[in-house]
1. For the range B:101-240, what is the convex hull volume of the alpha-carbon atoms per residue, in Å³?
2. Explain nothing, just the number: dipole magnitude of chain A about its Cα centre with +1 on each Lys and Arg Cβ and -1 on each Asp and Glu Cβ, in debye rounded to the nearest 20.
3. Take each complete run of DSSP H in chain B, measure how far its Cα atoms stretch along the helix's own axis, and keep only those covering 24 Å or more with mean Kyte-Doolittle hydropathy at least 0.5; list them.
4. Report, in listed order, any pair from A:87/B:87; A:48/A:82; B:87/B:245; B:17/B:206 with a Cα-Cα distance greater than 25 Å.
5. Over every pair of different alpha-carbon atoms in chain B, take the mean of 1/r and invert it; report that Kirkwood radius in Å.
6. Report the one residue of A:95, B:166, A:234 whose Cα lies farthest in the direction of the positive end of the charge dipole of the protein assembly as shown (charges on C-beta: Lys and Arg +1, Asp and Glu -1; origin at the Cα centre).
7. So how long is each side of the range B:33-96 along the principal axes, counting just the alpha-carbon atoms, biggest first, in Å?
8. Once you order the gyration tensor axes a ≥ b ≥ c over the Cα atoms, which shape class does the range B:80-168 get: rounded for a/c under 1.5, otherwise prolate or oblate by comparing a/b with b/c?
There are 2 protein chains.
Amino acid sequence: MMSSNKPAAPRAQSLAKSILGGGADLGLFEGGPTGRGVYATLRDQIVKLDLPPGTPLLRSELAETHGVSLTPLRDALQQLAKEGLVKIYPQSRTLVTPIDMSAIREAQFMRIALETEVVRRLAKEIAPEALARLRSIVALQGSVSDQPSDVPTFQELDEVFHQTLFVAAGHVQSQRIMRSHAGHLERLRRLHLDDIDEAGRILNNKDVIEGHSRILDGIEAGDAPAAMDALRQHLQRTVDRMTDKRAAFPEYFTQEKP
Amino acid sequence: MMSSNKPAAPRAQSLAKSILGGGADLGLFEGGPTGRGVYATLRDQIVKLDLPPGTPLLRSELAETHGVSLTPLRDALQQLAKEGLVKIYPQSRTLVTPIDMSAIREAQFMRIALETEVVRRLAKEIAPEALARLRSIVALQGSVSDQPSDVPTFQELDEVFHQTLFVAAGHVQSQRIMRSHAGHLERLRRLHLDDIDEAGRILNNKDVIEGHSRILDGIEAGDAPAAMDALRQHLQRTVDRMTDKRAAFPEYFTQEKP
DNA sequence: CTGTTCAATCTAATATATCAGTTAATCACA
DNA sequence: TGTGATTAACTGATATATTAGATTGAACAG
């Protein structure tokens, strides 16, 4: 496993892009192409905090800005509301929602539950080519440097790894459903990624790679409890690193009881 | 535990209704009250197979039949499409989808994964009043007879039990998300429930009650593996009883490779 | 008889208008 | 000064009209 100080190799970048390139809507948008385009744009802006929590979304303005009529815009806002990223107040107004820690906990719960079950099943049976693919992803991660400029690529490969687990288990759809409810978590993650030093701390490449390896070791050995424990520790470690950003950005979060 | 040949006691029925009474949309519909009403009606018809797979849904007719305009009808159809119950062909037509076994497998996978994690967490920590509540639900199930007329009530209590597990673990939202993708499974179940003799065989009260009790025993003993295994067996037993209805109703199902 | 082309019809997506409810500002009164 | 009522403006939900794409059937050619 080599660690290089150059930008991520083209292979690492292209693999991540080709698998994850699909786009923001995860196939969950219903409606025509116009609405889909507005939805993707708005979702991106919300998740990237370009439209921060509390922002009022004025339909007449948005329709003009995006050059669309009220109907596809409505479709887009309804989908965003279903994901909890927007709150539509009937007959009144539409606001970007604050980051909701309970939604985040739910997303984390779902992830742990679903992915643990995936790993359990893979430990019982996995196609050799799937295991080989997972191993090669981990190896590819090892070729990505710790440089801040490579953080996005490493993170994408991390996502590829986890997605490949679901693919191998034949349950991609569950991952899609799970991810479609992860908008709050994405925003929280964004608060961290905006700080590149901190991002580096969160995504400690060596730790992540080791975690992935231990998961695969358990799977390969047919040892479901070991694989599941490795995954739990891996995911828990990720969660623990999310230092509480609420003190720095209280206005971004829902008010929660102590 | 007494088994009576009279219709389910009012308490059993009222408890189930008061908890599950919420309605068909699980809070996932976005749009106004008109669209919500049409959505609920259509979903009910689809799930009950009153609108069987393959049925074309003509918007002009539906709008007239339900006394609504095209916009709320559109909202309703889009939500149904998101749940996979309807397929909207752009610029062309809208059809009720066939029952998709892969969607059913996904729903079952999600259920097993989420509920196993719930049970695991409850075995580590559960509020005494929550455990008492679960025990009382099981006791109430024991008071429901095996009579065919009591099948709906028993089934509802079954749902109450499982929902209460999620409530106790603080993850009701995950269950809602899971159930919102269970329309295909609901239709398959419907094929069975239409045959009351078979429904009785599927829902063997004593087995179900015993399964619930073993889950709670594991939880109460703080024995996560035992509780989880009990749940797995319980859910697996339910799945196994779903005899393959495809031979009898091939036209209701998607074509699958053998 | 089969395949291709074309036009009419049908249906969903989008555009625009109207209705229904909410909100904020102003005024009157105590 | 504070409170309640009124009204105009604003915004989302619904209704209706138009556009864009798909489908079907008829006619024609080989």
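Coordinate-derived values only; no laboratory data. This one's a predicted model, so the numbers in the text were calculated from it and none came from an experiment. Here the Cβ is made from the backbone with ideal geometry for all residues, glycine too, and neighbour counts use every protein chain on show.
1. Expressed per residue, the convex hull around the Cα atoms of the range B:101-240 is 92 Å³.
2. Values: 32 positive and 34 negative charges, 71 e Å.
In total the dipole reaches around 340 debye.
3. Values: long enough: B:101-124 (35 Å, 0.06); B:151-169 (28 Å, 0.45).
Within chain B not a single helix satisfies the rule.
4. Values: A:87/B:87 27 Å; A:48/A:82 18 Å; B:87/B:245 22 Å; B:17/B:206 22 Å.
Where the Cα-Cα span goes over 25 Å, the pairs concerned are A:87/B:87.
5. Working: mean 1/r = 0.0509 Å⁻¹.
When all Cα pairs of chain B are included, the Kirkwood radius is 19.7 Å.
6. A:95
7. On the principal axes, the range B:33-96 reaches 27, 24, 20 Å in Cα extent.
8. Details: a/c = 3.34, a/b = 1.73, b/c = 1.93.
Cα axes put the range B:80-168 in the oblate bin.
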